[in-house]
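Chemist: Shown below is the structure under consideration.
We did not get these values from a lab; they are worked out from the coordinates using the rules stated. Predicted model, so just to flag it, every value in this text is computed and none were measured. Cβ placement follows ideal geometry from the backbone for every residue including glycine, while neighbour counts extend to all protein chains displayed.
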Amino acid sequence: MRNINMASNNQTDQDLVDQLHKAEPLALAQALANQLAISPMDWHRLNSNRQIRAKEQLAAALVYLLNDCPEEALPRLEQAVGWLNRSVKAPPCPTHGER
């Protein structure tokens, strides 16, 4: 029985891979950006996490670049680099402001 489930999962995985190969790059980038965006419920917990913030900014930059908006992509790329090289820090909470 277990082998049947594994075969089924492998087929499902292959179907997913096939769908990803057929998807438009912009749709993939938008899906990635949505997955990596910090939700309002997670803001306080994750807003200072440099890796997460860099990933979020990099994904957003990719979406702008694929939309032929390099002038919008560049500041997000710079922001991602800033998170990684520690030249930027977390802004204050958007609902609480500076404390």
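Chemist: Give me the pairs, please: first residue somewhere in region 58-71 and aliphatic (A, V, I, L, M), second residue anywhere and loosely packed, with under 13 Cβ neighbours inside 10 Å, beta-carbon distance under 6 Å, and either six or more positions apart or on two chains.
Modeler: The qualifying pairs are Leu66/Pro25.
Chemist: Can you pull out the residues in region 38-56 that are under 14 Å from the mean Cα position of the chain (by Cα), of a type outside the set (D, E, K, R), assigned to a helix (DSSP H, G or I) and within 18 Å of Pro92 (Cβ to Cβ)?
Modeler: Answer for region 38-56, where residues must be under 14 Å from the mean Cα position of the chain (by Cα), of a type outside the set (D, E, K, R), assigned to a helix (DSSP H, G or I) and within 18 Å of Pro92 (Cβ to Cβ): Leu46, Ile52.
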